[in-house]
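See below for the structure under consideration.
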Amino acid sequence: MLQRTIFQVADAMADALAPLRDRLSADQLIAFAQRRTGLTEFGETPFRGPLQNFLRACVEEANLSLVGRIATHWDAIRFLSNLLRLYDEETRGPEILDRPVARPIFISGLPRSGTTFLHSLLAEDPANLAPRVWQLIHPYPLKNPGAGPDLRRQWVARQLRLFGLLAPEFRRMHPIDAGSPQECSEITAHVFASLRFDTTYRIPSYRRWLDETGHLDAYRFHKRFLQHLQHQTAGGGRWVLKCPDHVFALAAIRTVYPDARLVFVHRDPLAVLLSVARLTEVLRRPFTRNVDKTEIGRQDSERWLAATELMIAAAQEQRFAEPIFHVHYLDLVSNPVSTVAALYRHFSGALDPDTAARIGRLVEAKPNGGYGAHGSRLEEYGLDAAFERERYARYMAHFGIRPELEKKSSRSAKSLPLLTSPGRSAKPAE
């Protein structure tokens, strides 16, 4: 309550200041990033049109708070500064773009279904590369090599602590730190073609534009970004990538990464909808003057119902180079090591004992993935459990998904089976 009051006072003060009410200008943001970096060339990166669409939607639809306006400026300038730096590095080292990104693993599925948990488990394997939070915020050191220590991790850790003050519930719902594996939507956000923005802001026209435009340019940039990270990685490795939004870009992924391997994580949609609606509310609240919980619930339900149809079609068509691997949330959280081992076998690999032990220690240290409970109900978001169960029945039947919510009160986490490999079973993770 105090947090909301503070935001309201800040917004009232901002209303009295005309400069803060001016339209966000793409040209001004670009000029600021150029002055900030001392660089001027972006190359052929297709970002200007998407940036203008994003800013227009923010002004016309997002009802940004003072914090939202400041965050939007900061985010846009950071992305633009990174684009300038990436192109500068390429002009001085064109071999960066010669490095292949071979057979990456893409994890997708409904949000809050265990995709983050699975991603964190796979990141325990030294043979895997997972983009980290600090790398995606600052892909290169801000200073020239040799000019001082690389403080990117520390800077990002401070930024996360600041966001924790603005949205204190976020860390409980989605616990991350500077070194955590991060979603790919943060990469595609650099060219302003990311569904990350649709979650953080209420910008329906931007979402419609992105759906109509498609994701090919964004995933071409995605590969380019990974090549820059590879260039700075001494040992190399296989990329393990995660984002629920990948399900909306499967055609682009196949085009850019013809040897990509795809993993779908499946969970009871009623548990998903409750959790994702609450997370969307938590993410939006600092950035907007008004949050409509019913609108959030209905939009999330429509969006992820469409995603289930895309997953069914992908499973039926099998257009990827290798068959899709399917993970069930309840299996993942009850036996994480065995699930990872099965994934490796599916893609003709083997989980080595050292990595299995590391995964076991991670599960032991964070038995619920670090997630906390929340007391929200579907009705708070305008959703009816029986109606949603009927809407998602085809998805559950197709993939054999077991309901969760009806059993939550009677089945404790302690009743879950123990691991057959090193470590102990995890309580439900998101």
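The values are calculated or read from the model by the stated rules, or taken from the named source; none is laboratory data. A quick note: this is a predicted structure, and the numbers were derived from the prediction, not measured. Quick reminder, even Gly has a Cβ in these numbers, built from the backbone with ideal geometry, and neighbours come from all protein chains shown. Just so you know, the surface numbers come from the protein's heavy atoms only, side chains and all, with ligands and any DNA or RNA stripped out. Shrake-Rupley method; radii C 1.70, N 1.55, O 1.52, S 1.80 Å.
For the range 99-211, just say rounded, prolate or oblate: build the C-alpha gyration tensor, square-root its eigenvalues into a ≥ b ≥ c, call rounded for a/c under 1.5, and beyond that prolate if a/b exceeds b/c, oblate if not.
Because its axes are fairly even, with a/c under 1.5, the range 99-211 counts as rounded.
Can you list the HN-Hα couplings for the range 38-54, worked out from phi with the Karplus curve (6.51, -1.76, 1.60; θ = phi - 60°), rounded to whole Hz and with x for Gly and Pro?
These are the phi-based 3J(HN,Hα) values: x, 10, 10, 9, 9, x, 9, 4, x, 10, 5, x, x, 4, 5, 5, 5 Hz.
Enter the per residue convex hull volume of the range 42-170, computed from alpha-carbon coordinates, in Å³ rounded to the nearest integer.
Convex hull volume per residue, Cα atoms: 183 Å³.
Once the whole set of protein chains is in place, how much accessible area is left on Thr45, using a 1.4 Å probe, in Å² to the nearest 10?
Surface accessible to solvent at Thr45 totals approximately 20 Å².
Peptides 71-84, 282-295, 308-321, 101-114: what's the order by average Cβ count within 10 Å, highest mean first?
Details: 71-84: 19.2, 282-295: 17.6, 308-321: 14.7, 101-114: 23.6.
Per-residue Cβ counts within 10 Å, averaged per peptide and sorted highest first, yield 101-114, 71-84, 282-295, 308-321.
Taking Cα pairs under 8 Å and at least six residues apart, what relative contact order does the range 229-348 come out at, in percent?
37 percent
Compute the Cα gyration tensor for the range 260-331, then decide on rounded, prolate or oblate, letting a ≥ b ≥ c be the square roots of its eigenvalues: rounded whenever a/c is under 1.5, prolate when a/b is larger than b/c in the other cases, and oblate in all that remain.
Note, shape of the range 260-331 comes out prolate.
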